[in-house]
Amino acid sequence: MDRLFTVPAATAALTAALVLSPLTPARGDAALSPRHGTAPVAATAESEAKTTEAPPFARVYLALRGCTSCSHCRSTIRGMVKGSAGEGETRVDGDRVEVRYATPRAVPLGDVVRTLAENRLHDLSLVDVLFEARGTLATQPDGSARFTLWDTGQVFRLAVAPHVERPLDGRPVRVTAVVGGWREKGDLRLEAKEIKAGV
Amino acid sequence: MPRTTPIRRVVATALLAALVLLHPVSNARAASPDDESRRLEIHGYGEIHYNNPEGGTMNRQALAMVDVHRLVLGWEYEFTPSLRLEAEVDYEHAAGEIELEEAYIEYDLGATTSLRVGGLIMPIGPLNEFHEPPNYHSVERPYVETYVIPTTWQEVGVGLAGHGANGALGYRAYLVSGLDAAGLDPVKGIREARQHGSEATAEDLAVVGRLEYAARGGVSFGASGYYGGADQGDPALGDVTVGILEADLRLRRGALDLHALAAGVDVSGPVPVTFTPGIGRSMYGLLGEVAFDLLHGRERGRHDRRLWVFGRVERFDTTAKMEATASQRTPEAERTVLTGGLAYHPIQPVAFKADFEHWEDGAEQQLNRFNLGVAFQF
């Protein structure tokens with residue numbers, strides 16, 4: 001009889017540990033888990049950049065809300081994004097999707113974002129989008145910034161707030177920008193969160 | 001389902017220990033977006049119930065019961081961005097019963113099509129694949145999708161899964177091991193004929209598939225089919241085949257959630273199925289549900305609260321048609337269930353539920369049941 005109580009109790013304890021461990025942020029990972037509703041995608045990207053080796057040429061992060069944990073939802077989400085990401089590598093991690101472009105190439109940012117923004121799955125909505133890439137900046141006559149992806153010639157209009165440190169035009173930079181405008185029809189908008197020189 | 005032996009409990013404990021030990025390491029590695037080849041993601045769901053009286057009986061004198069009905073732990077291991085393992089283990093009734101829900105390799109043939117090989121959840125009905133408890137409003141799973149479509153149902157096989165139209169269209173088509181007709185039951189239907197991929201006889205195979213489409217305006221349609229042999233080469237059973245057709249419709253618009261489903265099962269063969277008296281040659285199930293979110297529109301942000309009030313009517317009969325020579329009918333197999341209650345989601349993946357069931361059967365028995373439950377998904 002003791003054994004019947006011992007083994008299930010151990011099983012229950014380990015089960016509880018396993019269930020609870022995703023809810024406890026690991027060290028250094030406090031901002032990494034959007035599923036707990038506390039970390040914006042921008043903080044996620046910054047935290048990951050600090051703990052990784054050289055980042056890829058470009059990345060798109062998409063934060064989702066809804067059913068993202070079951071295998072069928074993940075499979076569908078992965079397939080939808082893959083179909084629009086061109087040669088990007090797609091990964092689904094909980095309620096976050098990452099599309100990575102390891103080497104310089106044009107990024108179908110609009111296609112990737114609209115695929116999830118306009119999906120008809122019953123319980124899935126796009127919450128936040130972050131775009132990160134290498135390129136150069138150029139100031140336009142009207143004062144706005146133009147961000148050209150390295151080696152591709154692909155150009156994005158970029159809004160840069162006064163508090164964002166901005167290297168000189170023409171220098172290699174790595175831009176992390178929040179992508180907006182996908183809730184409405186029309187062009188997407190990029191707003192710089194961080195501009196790093198020489199990355 | 002037989003209770004687990006002590007050996008199986010030890011194995012289950014060891015498996016959990018391995019997952020716990022590996023999980024922080026794997027998560028740390030997976031936290032690096034530049035980790036190209038290894039990625040372990042863990043997910044799961046569970047539900048705890050109070051039933052008064054206990055479920056599965058029409059005995060009004062049955063006692064109340066509480067149950068850790070299920071805790072399911074699943075993982076996805078990404079060998080490469082196009083090749084992954086999907087698996088889920090179901091610990092039912094406080095780990096008194098352990099069942100493998102799925103264990104398959106998925107290989108992306110392209111952006112929209114994948115090959116799946118292994119223990120596959122049958123694409124029959126909307127609930128069998130999407131059976132996580134926050135996805136339905138009631139404490140217990142709908143009974144049409146318990147007794148007519150035997151959720152959760154998985155078999156070993158191979159097939160394709162894919163989607164189109166930006167996720168609006170989805171399909172799964174598999175070749176799997178068939179049912180075992182020796183498990184057919186007048187009241188439980190084909191539920192006990194499932195083999196679960198556990199040393200399953202594969203003399204008879206079956207084909208199964210589902211097509212679903214999400215139209216604009218929150219309307220979605222689905223249709224499923226299954227056909228295969230079920231005698232598994234047992235000469236005592238004769239030549240038995242099982243066919244299933246199912247169709248469902250759902251409307252989600254604003255605070256409204258409407259759901260309807262019809263399913264039919266046919267057990268046939270060139271010789272009468274007389275190995276067990278009272279087995280239904282045909283079974284059917286009908287379901288209609290309406291739900292309304294009382295908090296719709298009041299909460300905005302990442303974790304919308306929801307308070308669903310719902311009502312559901314189900315009518316199903318697992319002996320709708322029997323052999324003309326059958327000497328024993330089973331009036332209890334014809335059942336009508338009315339369910340109504342509330343489901344509160346403080347966040348979408350967690351639900352606190354309370355509902356009331358009214359049962360009537362063909363034997364003129366009636367029973368009322370009160371249920372409470374908490375459900376979660378992560």
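General remarks:
- All positions within region B:51-71 that are more than 10 Å from chain A (Cβ to nearest Cβ) and assigned to a strand (DSSP E or B): B:N51, B:N52, B:M65, B:V66, B:D67, B:H69, B:R70
- Qualifying strands (runs of 3 or more DSSP E) (wholly inside region A:122-199; at least 3 residues being open to solvent by less than 70 Å² (accessible area, probe 1.4 Å) and in contact with a helix residue (DSSP H, G or I) (Cβ under 8 Å, 6 or more places away or on another chain)): A:124-139, A:172-180
- Count of region B:321-378 residues which are outside any strand (DSSP E or B) and under 25 Å from B:F310 (Cα atoms): 4
- Pick from region B:91-139, criterion open to solvent by 10 Å² or more (accessible area, probe 1.4 Å) and acidic (D, E), ranking: nearest to the other protein chains (Cβ to nearest Cβ): B:D108
- Residue that is farthest from the chain's Cα centre (by Cα) [pool: residues in region B:206-238 that are in contact (Cβ under 8 Å) with a residue 40 or more places away in the chain and open to solvent by 30 Å² or more (accessible area, probe 1.4 Å)]: B:D234
- Residue tally, condition farther than 28 Å from A:R120 by Cα and open to solvent by 20 Å² or more (accessible area, probe 1.4 Å), over region B:144-174: 2
- Of all the residues in region B:190-201, those that are in a loop (DSSP other than H, G, I, E, B) and open to solvent by less than 60 Å² (accessible area, probe 1.4 Å) number 7.
- No other residue among B:E99, B:E76, B:E106 is at pLDDT 80 or above, more than 24 Å from A:D95 (Cβ to Cβ) and not hydroxyl-bearing (S, T, Y) apart from B:E99.
- Count of region B:154-189 residues which are in contact (Cβ under 8 Å) with a residue 60 or more places away in the chain and in a helix (DSSP H, G or I): 2
- Pick from region B:100-114, criterion out of contact with any Ser or Thr (no Cβ under 8 Å at 6 or more places or on another chain) and in a strand (DSSP E or B), ranking: nearest to A:I77 (Cα to Cα): B:T113
- Some residue of region A:68-83 being part of a loop (DSSP other than H, G, I, E, B), open to solvent by 20 Å² or more (accessible area, probe 1.4 Å) and more than 8 Å from every other protein chain (Cβ to nearest Cβ): no
- Scanning region A:91-103 for residues that are surrounded by 17 or more Cβ atoms within 10 Å (Cβ to Cβ) and in contact (Cβ under 8 Å) with a residue 40 or more places away in the chain yields A:G94, A:D95, A:R96, A:V99, A:R100, A:Y101.
- Among the residues making up region B:331-369, those that are among the basic types (K, R) and under 30 Å from B:G44 (Cα atoms) are B:K353, B:R369.
- A search for C-beta distances below 7 Å between a residue of region B:333-351 that is more than 14 Å from chain A (Cβ to nearest Cβ) and any residue that is surrounded by 18 or more Cβ atoms within 10 Å (Cβ to Cβ) and polar (S, T, N, Q), counting only pairs 6+ apart in sequence or on different chains, returns B:A333/B:T318; B:A333/B:T319; B:T339/B:S138; B:G341/B:S138.
- Failed item in (1) touching a strand residue (DSSP E or B) at 6+ places or on another chain (Cβ under 7 Å); (2) modelled with pLDDT under 90; (3) within 14 Å of chain A (Cβ to nearest Cβ), with B:L249 passing the rest: (2)
- Annotation note: Cβ proximity below 9 Å between a residue of region B:95-115 that is on the phi < 0 side of the Ramachandran plot and a residue that is among the aromatic types (F, W, Y) (sequence gap 6+ or interchain) occurs for B:E97/B:Y91; B:I98/B:Y91; B:E99/B:Y91; B:I105/B:F79; B:S114/B:Y107; B:L115/B:Y107.
- Matching residues in region B:334-378 - criterion: being small (G, A, S) and either modelled with pLDDT under 95 or surrounded by fewer than 21 Cβ atoms within 10 Å (Cβ to Cβ) (or both): B:G340, B:A354, B:G362, B:A363
The values are calculated or read from the model by the stated rules, or taken from the named source; none is laboratory data. Just so it is clear, the model here is predicted, and its values are computed rather than measured. Positions of Cβ are backbone-derived with ideal geometry, glycine not excepted, and every protein chain shown enters the neighbour counts. Side chains included, ligands, DNA and RNA excluded: accessible areas come from the protein's heavy atoms. Shrake-Rupley method; radii C 1.70, N 1.55, O 1.52, S 1.80 Å.
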